[in-house]
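Scroll down for the structure; my scribbles are underneath it.
The values are calculated or read from the model by the stated rules, or taken from the named source; none is laboratory data. These numbers come from a predicted model, not from an experiment. Glycine gets a Cβ as well: all are built from the backbone with ideal geometry, and neighbour counts include every protein chain shown.
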Amino acid sequence: MNSPPIPAQAHHSWPRPSELAAAVPGALVAGLYVLIAAESGSLVDWLLAATACCFVPALAYWRRALLPAGIAIGVLLAIWAVAFWTALPYNTGITPFLLTAPLVVFAWTRWAPAPAAGWVALAIACAGAFASPAMYMPLPDTGFDYYLWRVITHWAVLAAVFLAARSMRTAALAAEQRTRDAEQAAAAAERERIARELHDVLAHGLTLIRAQAHAGQVTARTDPEAAVASLTQIASAAGQSLSDVRAFVTLLRETDGAPEPAPAGSAAALPSADLTALPQVVTAFTATGMHVGAALPPAEELAAAQATLPLAVRLAVRRIIQEALTNARRHAPEEALTELQLDIGEHEIRITADTTPVATTPPRSSGSTAARRAEHGWGLTGLAERTALLGGTLTAGPTPAPGFHLGARIPTRQVST
């Protein structure tokens, strides 16, 4: 079962300022080569100036357009090497290979979709080291040892960059996998919770059917009207049970995952699908010292919703409200105020819960910051999945206030299955 989509970051066609860090020095070097070429008028200098200028856009997109920028840098380095060899013994300056080749190796290893791209970049860069102008800078002593150490230095730098990028890629992939595993575990736990709730609700209907069937057997001969009444109640209970089962078919299409014990607590012990008990849920939390401002529908409206709304919708409403208050109790400061509002419309139910600190007291401590965020997030992941399967939406996140906002919209009727 797929989790509800996470809003993606906005796509930017232009490089971000942080991605231009490599292009800025490239632009300065290109400007320097243009000045040199204008002063000397040499064809080689103009070729190098043009090549240096072409490095600038490639360096600007080294992160955003990995493969095209890397290929462009490779071609430009080859042109630079040809110009170097053509101009010998004329000194063409320091080669861009020293910075751009490791940059491409790092980018392809760290972010390229295909893991093999990093190996390809490393192999090409190591082979290209033999043609790097830095290998042949004129020095008084240029024996075999000189070239050997230059090659070893080139390769050592490239290997270090490759290993660092590969380690970062492995760590990032492992973190993503842990996130996916946690989301799947949360979804599986939510489905298991729904299954337990379905069992509890159907148990009542099946018990009623059995009792009425037994009563019908007893009165069938002595009191036909009572037997007919028993059969009528059996039909009604069976119809309601079938309606409840249909409501849960979508939610329980996939039932993989291990069961997780239901959370304990007085609020959780209340009837899970009973909307008329929502005031008791709020009272159970305020009794623990929480500050809750609840704007709930009047009792008669809750009773009408209890009688008309599908079981899955009632369960979702109860779970969202209970989870919102539980999260506020667990993570918000001691003096935080949680404003809870429930609106039951003809076509849609809206739930909002806004938690805002009203004093400068610190949050409750329940482990590390990362652990608190994970616990908060995975509970909401399961609720978001349940809401999405009902055709609704759930959003949750911090507010600038600071504070925390949770909002949910659920259709009052089930989506088609």
Could you tell me which residue of the stretch 168-216 is modelled with the lowest pLDDT, considering only residues that are of a type in the set (Val, Ile, Thr) and surrounded by 13 or more Cβ atoms within 10 Å (Cβ to Cβ)? VAL201
Which pairs have Cβ atoms under 8 Å, sit 6 or more apart or on different chains, and link a residue in the stretch 20-33 that is assigned by the TED database to the domain that holds PRO96 to one that is among the acidic types (Asp, Glu) and surrounded by fewer than 14 Cβ atoms within 10 Å (Cβ to Cβ)? none
May I ask you to verify whether THR109 is within 27 Å of ILE152 (Cα to Cα), of a type in the set (Ser, Thr, Tyr) and in a helix (DSSP H, G or I)? yes
Counting only residues that are among the hydrophobic types (A, V, I, L, M, F, W, C) and not in a helix (DSSP H, G or I), how many does the stretch 15-42 have? 2
So which residues in the stretch 306-349 are among the basic types (Lys, Arg) and crowded, with 18+ Cβ neighbours inside 10 Å? ARG314, ARG318, ARG319, ARG329
Residues of the stretch 50-75 satisfying the condition of being surrounded by fewer than 19 Cβ atoms within 10 Å (Cβ to Cβ) and among the aliphatic types (A, V, I, L, M): ALA50, ALA65, LEU67, ILE71, VAL75
Considering residues of the stretch 318-338 that are touching a residue at least 40 places away in the same chain (Cβ under 8 Å) and over 24 Å from the mean Cα position of the chain (by Cα) only, the residue nearest to ALA273 (Cα to Cα): ARG318
